[in-house]
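In what follows, a single structure is set out as structure tokens and then discussed.
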Amino acid sequence: MTSHAEAEIEERNFQEEMEVESVGGDESSESLLKLFQWFQIEAECNSTEVLPLDSKTWCSRNALRKKRNWEKIVAAKKSKRKQEKERKKVKHIEGTEQQHSKYVLKAIRKERLLEAKHAGPRLCIDLSVSYHMSKKEVSRLAAQIRRLYGANKRAEKPFWLCVTGLLAHSKIHEECLRMNDGFSSYLMDTTQENYFDLFPLERIVYLTPDSEHALEEINPQKIYILGGLVDESIQKKLTFQKAREQGLQTARLPIQEYMVKDGNVKNFHSEILAINQVFDVLATYYKTGSWPEALKAGVPARKGFVLPKQQYID
């Protein structure tokens with residue numbers, strides 16, 4: 001009896017252990033399944049549809065959100081690359097067009113200058129009065145010639161320029177070559193001769209601030225002369241006396257007629273302008289036909305003259 005009872009007890013214990021192990025195994029398997037589903041990597045998510053928990057391809061909401069964000073990033077990068085490609089293409093086309101437009105603009109400017117050469121008006125820079133200037137003054141004059149030429153080349157209605165009395169190897173000639181790239185190929189006439197040997201005297205108008213006559217208009221049939229001097233070297237009535245001795249017509253810019261003296265601390269007022277400033281006045285008037293607008297464009301405020309308030313141009 002004892003042996004039989006002991007055998008029954010051992011069998012019951014064994015069955016109970018098996019049942020416990022079976023229950024523990026089920027709980028462990030379920031836990032592992034949930035853990036696997038929680039840490040399931042994005043690559044296993046082939047569908048945006050939320051699947052049941054018992055599905056092998058189940059994806060968590062977090063994984064789906066990451067997947068959608070990644071897809072947005074990839075799409076944004078593709079769009080950005082496409083936009084950059086289009087931008088470079090447009091930039092290349094614009095660069096080519098701009099390069100072509102430069103050639104066209106250069107041709108138009110050349111055509112305008114050559115038309116002025118044949119039809120006028122002409123503006124002559126007289127350098128025969130510039131040989132007593134200092135090195136600094138010569139450099140300033142060369143710079144003014146460069147600015148004058150550049151402004152004339154850009155003008156819609158240019159003058160034909162002529163530089164007279166330009167002796168080879170003179171100080172002003174050497175300085176023009178040094179400071180002005182391509183000076184020898186400028187679209188203008190340069191000569192060692194004097195202007196009164198080149199043009200009929202009755203067509204010449206010498207522009208000088210000491211003239212008694214104000215310039216009223218620009219006549220394409222006239223040749224306008226500017227003395228090649230800078231402010232520091234201008235002697236009183238030097239160009240005026242030279243023109244009178246040669247029996248030439250003279251004129252000054254109509255500063256007195258259209259401008260008034262502006263009150264300033266130094267009480268300084270001067271009608272003497274650099275040659276490029278005189279040109280700015282002439283070119284603006286030739287384009288617009290307005291002396292107030294022309295004087296405003298060329299006469300610096302430091303000269304002490306301003307337009308009356310009722311004539312200010314916006």
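The values are calculated or read from the model by the stated rules, or taken from the named source; none is laboratory data. None of the values given here were measured: they were computed from a predicted structure. Virtual Cβ from ideal backbone geometry, glycine too; neighbours counted across all protein chains shown. Just so you know, the surface numbers come from the protein's heavy atoms only, side chains and all, with ligands and any DNA or RNA stripped out. Shrake-Rupley method; radii C 1.70, N 1.55, O 1.52, S 1.80 Å.
In a shell of Cβ-Cβ distance under 15 Å around P200, excluding P200 itself, what net charge do Lys and Arg (+1) and Asp and Glu (-1) give?
Net charge in that neighbourhood comes out at 0.
Can you give me the accessible area per residue for region 108-196, using a 1.4 Å probe, in Å²?
Ligands and nucleic acids excluded, the figure is 50 Å² per residue.
Averaging sequence separations of C-alpha pairs under 8 Å and six or more residues apart, then dividing by the length of region 199-300, give the relative contact order as a whole percent.
Normalised by residue count, the contact order of region 199-300 is 30 percent.
Got a number for carbon plus sulfur as a percent of region 100-145's accessible area, 1.4 Å probe?
Roughly 56 percent of what the probe reaches on region 100-145 is carbon or sulfur.
Once you order the gyration tensor axes a ≥ b ≥ c over the Cα atoms, which shape class does region 127-180 get: rounded for a/c under 1.5, otherwise prolate or oblate by comparing a/b with b/c?
In terms of gyration-tensor shape, prolate.
When the Karplus curve 6.51 cos²θ - 1.76 cosθ + 1.60 is applied with θ = phi - 60°, which whole-Hz ³J(HN,Hα) does each residue of region 292-298 get, with x for Gly and Pro?
These are the phi-based 3J(HN,Hα) values: x, 5, 5, 5, 5, 6, x Hz.
Amide H neighbours of I125 under 5 Å, at least 5 residues apart or on other chains, H built in the peptide plane: list them.
C162, V163, T164, L226
Using mean Cβ contacts within 10 Å as the protection proxy, how do 285-297, 184-196 order, highest first?
Ranked from most to least packed, the peptides come out as 285-297, 184-196.
Run the accessible area of region 152-276 with a 1.4 Å probe and give the carbon-and-sulfur part as a rounded percent.
After summing per-atom areas, the C and S share lands at 46 percent.
Using label points projected 7 Å from each Cα along Cα→Cβ, tell me how many nm separate K309 and E212, to one decimal.
My value for the distance between the label points is 3.6 nm.
Taking a probe of 1.4 Å, how large is the accessible area per residue of region 266-307, in Å²?
On a per-residue basis, 41 Å².
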